[in-house]
Amino acid sequence: MQRISIDPITRLEGHGKIEIFLNDAGGVENCYFQIPELRGFEKFCEGRPADQVPQIVSRICGV
Amino acid sequence: MSKLKLASYWAAACGGCDVATLDIHEKIVDVAAVADIVFWPIAVDFKYADVEGYEDGFIDVCLFHGAIRNSEGEHIAKLLRKKSKVMVAFGSCAISGGIPGLANFKQKDDIFYRVYIESQSTQNPQKVYPQTHYAVPEGVLDLPEFYKDVKSLSDVVDVDYYMPGCPPTSAQIWAVIGVIASGALPPKGAFVGCENQTLCNTCTRAKTDKKVKKFYQPYQIITDPEKCLLEQGLTCMGPVTRAGCSNQCISANHPCTGCYGPVEGVIDQGAKYISALASVVDADSPDEADRIISEIADPAGLFYRYGLPGSLLRRAK
Amino acid sequence: MAKTKFEPKIIGFLCNWCSYGGADLAGVSRLQYPPNVRIIRLMCSGRVDPQFVFKALSDGADGVLVAG
Ligand code: SF4
Ligand code: SF4
Ligand code: SF4
């Protein structure tokens with residue numbers, strides 16, 4: 001089985017990679033899309049004053 | 001003269017630093033005239049494997065955005081360090097952890113639980129967490145290891161220059177690119193694209209006696225656009241923040257939250273701000289001082305908004 | 001393993017004119033005080049910067065004493 005890694009995927013915001021597995025006939029056997037990133041805004045916004053949250057979450061994606 | 005080889009990367013970042021760079025607009029064409037971009041995930045299609053193939057020191061300047069959040073960030077930082085003559089920590093994430101560094105107020109397990117189990121938009125009845133290695137019928141898939149702590153770039157590699165801001169302003173980025181292209185590099189360790197004075201020093205608002213009897217949240221008062229915001233009871237971080245952003249927030253009548261980081265000689269912006277506040281609180285008794293100070297909402301989250309991992313505190317216990 | 005008594009390391013920031021003078025006088029008068037306090041003399045306790053306190057604690061001090 002042959003493996004093609006597209007790492008990183010480019011020209012978009014964020015991190016991603018794609019693993020493609022080819023079977024012996026050269027066709028795509030399976031394909032996995034992975035996101036190798038997490039920052040945890042869901043957790044670290046907890047406890048911050050509500051009016052500050054827009055300033056913080058604007059740094060989820062600056063694109 | 002051969003063209004400058006330029007790389008840019010984002011670890012735990014938001015892409016805002018990349019966009020601020022692109023916001024130099026048509027001048028990007030001038031950049032292309034003096035520099036070849038050899039790696040820049042947001043804009044051009046080079047892969048990690050291409051970078052691995054470069055000779056050591058092949059890249060002249062690497063602009064590194066983002067904090068070090070996981071093993072991939074550290075790995076790529078080390079790879080780019082090896083391949084680059086000059087490494088620039090670009091933006092507050094790379095310098096001191098930035099906004100993603102707020103995660104150091106929380107624990108890794110709690111972050112995973114919130115994100116992968118508890119959050120309202122998650123459906124994960126089998127409670128599956130990401131694994132660093134996972135066997136699928138076709139082979140093994142890998143994911144980076146999520147570290148316990150967010151780190152700054154200089155925690156993992158040697159850094160030559162620091163360019164503060166969240167993000168740095170496009171005007172400053174353009175000026176710094178000019179310096180790099182001219183080859184007149186400042187001494188190692190320098191902060192570039194900023195000034196060596198506090199924001200207050202450059203602020204044109206009227207400053208009189210700083211005597212604060214009550215602190216407000218920005219939504220609680222309508223401020224006088226001519227007067228110092230701190231004097232009006234808003235926690236403006238100007239006294240402990242490096243100038244260089246063209247006073248963006250304070251010009252828009254919003255207190256500075258400190259994104260350009262501390263001025264030279266200060267290692268802990270938050271601690272310095274405690275000091276600054278102590279000198280403006282106008283209390284006649286310890287009880288009154290307590291009352292005034294307790295009105296500041298989420299002081300830790302504000303004083304360390306952009307720099308908890310790079311501070312003396314580093315993280316909450 | 002024998003139990004060792006916890007001996008805290010305390011960094012004391014003392015004002016030259018009062019508390020440091022007092023500590024000095026204690027020494028001259030041969031009054032003993034525990035060696036746990038490591039004294040740093042300042043010209044005024046108003047010189048104490050919160051950074052000093054954070055630095056002391058992050059470098060391993062168990063407590064910080066500011067006297068003046
Ligand atoms: S420094 Fe700010 S703008 Fe730059 S990547 Fe980090 S969060 Fe985004
Ligand atoms: S505290 Fe803020 S508003 Fe006041 S002088 Fe400083 S920067 Fe200007
Ligand atoms: S005013 Fe403060 S928070 Fe706003 S851009 Fe300038 S340094 Fe950053």
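Quick look at the numbers
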item: Cα-based Kirkwood hydrodynamic radius, the range B:162-278, one decimal, Å; result: 15.2 Å
item: Percent accessible area from carbon and sulfur atoms, the range B:100-147, protein chains only, probe 1.4 Å; result: 49 percent
item: Calculated diffusion of the protein assembly as shown, Stokes-Einstein form, Kirkwood radius summed over Cα pairs, 37 °C and 0.692 mPa s, µm²/s; result: 134 µm²/s
item: Chain B: angle of helix B:71-83 to the longest principal axis, Cα-based, in degrees nearest 10; result: 70 degrees
item: Accessible area (Å², 1.4 Å probe, nearest 10) - residue B:81; result: 50 Å²
item: Summed side-chain charge close to residue B:143 - residues other than residue B:143 whose Cβ falls under 13 Å, Lys, Arg +1, Asp, Glu -1; result: -4
item: Accessible heavy-atom area order of C:6, B:39, highest first, probe of 1.4 Å; result: C:6, B:39
item: D_trans [Stokes-Einstein, Kirkwood Rh over alpha-carbon pairs] for the range B:100-147, 20 °C, 1.002 mPa s, µm² s⁻¹; result: 172 µm²/s
item: Cβ-based net charge around residue B:242, under 11 Å, with every Lys or Arg adding one and every Asp or Glu removing one; result: -2
item: Nearest 10 degrees, 0 to 90: helix B:170-182 Cα axis against chain B principal axis; result: 50 degrees
item: Of B:207/B:227; B:27/B:47; B:47/B:83; B:78/B:106; B:47/B:148; B:214/B:272, pairs whose Cα-Cα distance is over 18 Å; result: B:27/B:47; B:78/B:106; B:47/B:148; B:214/B:272
item: Beta bridges per DSSP with both ends in chain B, % antiparallel, nearest 5; result: 25 percent
item: Å² of accessible area per residue within chain B, as computed with a 1.4 Å probe and no ligands counted; result: 45 Å²
item: Convex hull volume per residue in cubic angstrom - Cα atoms of chain B; result: 169 Å³
item: Angstrom value of the Kirkwood radius, inverse mean 1/r, which spans all Cα pairs in the range B:84-126; result: 12.8 Å
item: Separation of alpha-carbon centers, the range B:300-317 and the range B:241-259, rounded to whole Å; result: 19 Å
item: Intensity falloff of the range A:2-57 expressed as log10 I(q)/I(0), Debye formula with alpha-carbon point scatterers, at q = 0.20 Å⁻¹; result: -0.79
item: Rel. contact order, % - alpha carbon contacts under 8 angstrom, at least six apart, the range B:169-317; result: 23 percent
item: Cβ neighbours within 10 Å from other chains - mean over B:293-302; result: 2
item: Filtered GluC sites (Glu not before Pro), the range B:203-310: DSSP coil and at most 13 other beta carbons within 10 Å; result: B:226, B:264
item: Accessible surface, 1.4 Å probe, highest first, among residues B:75, B:133, B:254; result: B:133, B:75, B:254
item: Reciprocal of mean inverse Cα separation for the range C:3-59 (Kirkwood radius, Å); result: 12.7 Å
item: Area of residue B:213 that stays accessible when all protein chains are in place (1.4 Å probe, Å², to 10); result: 80 Å²
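The values are calculated or read from the model by the stated rules, or taken from the named source; none is laboratory data. Not measured: the values here are computed from a predicted model. Glycine gets a Cβ as well: all are built from the backbone with ideal geometry, and neighbour counts include every protein chain shown. Areas reflect the complete protein model, heavy atoms only, side chains present, ligands, DNA and RNA absent. Shrake-Rupley method; radii C 1.70, N 1.55, O 1.52, S 1.80 Å.
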